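Here's the structure we're looking at; comments come further down.
No value in this document is a laboratory result; all are computed from the given coordinates. Since we're looking at a predicted model, the values are computed, not measured. Counting neighbours? That spans all protein chains shown, and the Cβs are built from the backbone with ideal geometry, glycine included.
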Amino acid sequence: MIATALVSGGKDSIYSAYLAESQGMHVGELVTVRPSDPESMLFHTPHLDLVPLQARAWRKAHREVRVRGAGEADETAALSSALAGGSGPVVAGAIASSYQWSRLLRLCDQLGRRLYVPLWAKAAGRVVREEIDAGLDIRLVHLAAEPLSPDLAGRRLDLPLLEELERRSRSVRPLHVAGEGGEFETAVVDAPFFGERIVWDSEERVRDGGATRLVISGARLAAKPSRK
């Protein structure tokens, strides 16, 4: 069974594609839809340029489809075009966004393809713990919620940081600790199923209103440290 995985480079889409393969599907292609609107509600936008490196590290084919226009109809049309050529399952990393879920489900129904969303409706903390336990090296690349201070940009999302996010959520204001509400965005730079890891030459934290984004320069694949 050959599946198409919608991948943005973030933890949830990469982990969902991995779960699909763990459950007997062959993910034949990673597909990225690049919106023209940086505030897109349907697609992740930070650091999409890292996805080709992830695909190479994972030995997967990768295809990018650009959205022409900035409206919901334009984004849906681009997604339909991206998925129209296949017949197997479509894998996505949504957890709690009914906006994404409903549109993906409707489109897959129209195309005659099954939608596989393994993280859907799971508790946020459970999802992130599973991703960390699976060995994903997850970095915070965009912060857009008050409890998240700028110094967290670039940090690895490990168990201590997850517990810190959970504490901040309880003490300041509600925070979806998986980032599903747009509180933060992530990039996966390594995983046990990657042949190489992603590294970059430099990074800079840039403040944009109330948000902080990580500007990365010189991203490339590098050999993993040898284990003795």
**Report entry** Rel. contact order, % - alpha carbon contacts under 8 angstrom, at least six apart, segment 51-136
**Finding:** 23 percent
**Report entry** About the Cα centre, charge dipole magnitude for the chain (Lys/Arg +1, Asp/Glu -1 at Cβ), debye
**Finding:** 500 debye
**Report entry** Surface/4 estimate of mean projected area, convex hull on alpha-carbon atoms of the chain, nm²
**Finding:** 12.6 nm²
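With r as the distance between the Cβ atoms of Leu105 and Leu159 and R0 = 30 Å, compute the FRET efficiency 1/(1 + (r/R0)^6) and round to 0.05. Don't skip to the answer; put the middle values down first.
Details: r = 33 Å, r/R0 = 1.09.
It comes out at approximately 0.35.
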Report task. Step through the residues of segment 62-71 one at a time and calculate ³J(HN,Hα) from phi using the Karplus curve (6.51 cos²θ - 1.76 cosθ + 1.60, θ = phi - 60°), rounding each to whole Hz and writing x for Gly and Pro. Result -> 9, 9, 10, 10, 8, 8, 9, x, 10, x
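Between Ser80 and Asp208, how high is the FRET efficiency from 1/(1 + (r/R0)^6) when r is the Cβ-Cβ distance and R₀ = 22 Å? Nearest 0.05.
Values: r = 31 Å, r/R0 = 1.43.
The value I calculate is 0.10.
Per-residue ellipticity at 222 nm for the chain, helices alone: DSSP H runs ≥ 4 residues times -39500 (n - 2.57), over residue total, nearest 500 deg cm²/dmol? Before the final figure, lay out each step's value.
Working: 6 runs with 69 residues, N = 228.
Taken over the chain, the calculation gives -9500 deg cm²/dmol.
Quick one: pull the percentage of alpha-carbon pairs in segment 2-116 with a separation above 21 Å.
Working: 1897 of 6555 pairs.
Summing the P(r) tail past 21 Å for segment 2-116 gives 29 percent.
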Requested in this report: Kindly work out what percent of the DSSP beta bridges joining two residues of the chain are antiparallel, to the nearest 5.
Outcome: 55 percent
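Number of Lys pairs in the chain with C-alpha atoms less than 26 angstrom apart, excluding same-chain neighbours closer than eight positions?
Working: Lys11/Lys60; Lys11/Lys122; Lys11/Lys224; Lys60/Lys224.
Eligible lysine pairs with Cα atoms under 26 Å apart amount to 4.
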Query - Where labels lie 7 Å past Cα in the beta-carbon direction, separation of Ala70 and Asp133 in nm - result: 4.3 nm
Report task. Enumerate the calculated ³J(HN,Hα) couplings along segment 34-51 in order (Karplus 6.51 cos²θ - 1.76 cosθ + 1.60, θ = phi - 60°), each rounded to whole Hz, writing x wherever the residue is Gly or Pro. Result -> 9, x, 7, 9, x, 9, 3, 8, 9, 10, 6, 10, x, 6, 5, 5, 7, 4
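Relative contact order of the chain, please, whole-number percent, based on alpha carbon pairs below 8 angstrom and at least 6 residues apart.
Numbers: 437 pairs, mean separation 46.2, N = 228.
RCO, the chain: 20 percent.
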**Report entry** segment 2-116, relative contact order in percent, only Cα pairs under 8 angstrom and at least six apart counted
**Finding:** 32 percent
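Can you tell me the equivalent ellipsoid semi-axes for segment 135-222? Use √(5λ) from the Cα gyration tensor, largest first, whole Å. Don't skip to the answer; put the middle values down first.
On the way: eigenvalues 112, 54, 16 Å².
Taking √(5λ) for each Cα gyration eigenvalue gives 24, 16, 9 Å.
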Query raised in the report: If you place +1 on the Cβ of every Lys and Arg and -1 on the Cβ of every Asp and Glu, how big does the dipole about the Cα centre of segment 1-102 come out, in debye to the nearest 20?
Result: 380 debye
Report summary line: The size of the Cβ-based charge dipole (Lys, Arg +1; Asp, Glu -1) of segment 135-222 about the Cα centre, to the nearest 20 debye, is 160 debye
**Report entry** Residue among Ser40, Cys108, Leu19 farthest towards the positive dipole end of segment 2-116, charges placed on Cβ
**Finding:** Leu19
Query - Rounded to whole Hz, the Karplus (6.51, -1.76, 1.60) HN-Hα couplings of segment 126-131, x for glycine and proline - result: 5, 4, 5, 4, 4, 5
